[in-house]
Amino acid sequence: MQILAKSIDDLKTERKGVSPPLPPIFRLLPMLFYLTIAASIGLNGIFFLRLSQEVQRKEAAIKRKSDYDAALKKAQTERRDLEGEAKKASDILSWVDTTRPLQPLVVEIARSVAADSTMVELRMERDEDSPNQIKLSMRLNSDSTRQLDNTLEKISSQRYRTYSPQQTVNGQEIDYKATLLWQDASRPQPPEPAAK
């Protein structure tokens, strides 16, 4: 099928001066539009670059903080251990300070033994909770209790007082057990009960 050619009349009228052309400055608008698009793309690129840098800085700061927290926890643990060691050392120091030298006491006990007597056993035990108390246990080989009295006199000369003494005599063997309490010379002592 064939379309027949028709003549089409141009009904367009000439309209001169209906709308004047745009000023030349408006030619910049499309350039500004494209420039704005390019700038927004560039700014978005810079934004994402800075965002990735800040994320890396944040991760580095979190890692530094976790390292600092770990170092702080380690330092606190070391400090707690050191304070424990210092406490132990001060406990030992106070233990040593509160103990009285036993050597003079042992020397006095040994010197109190007469030539006709022998000391079979001498044992001194001190409790950690009460360093001023010494549990004394000794066994003497002697004909009389005078040797024991002499030894107890020497013990009291070293500022020790006997408490709850137990004495057992088996033939020539005297078994004596008591708790020795150290008497501080700077503290007033109760008067000795008068003998009746």
Region 28-100, accessible surface, carbon-and-sulfur percent (1.4 angstrom probe): 68
Exposure of S157 as accessible area (Å², to 10), given a probe of 1.4 Å and all protein chains: 70
For region 127-137, Karplus couplings with θ = phi - 60° (6.51, -1.76, 1.60), whole Hz, Gly/Pro x: 7, 5, 6, 10, x, 7, 10, 10, 8, 9, 9
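The values are calculated or read from the model by the stated rules, or taken from the named source; none is laboratory data. This structure is a prediction, so every number in the text was calculated from the model and none was measured. Areas reflect the complete protein model, heavy atoms only, side chains present, ligands, DNA and RNA absent. Shrake-Rupley method; radii C 1.70, N 1.55, O 1.52, S 1.80 Å.
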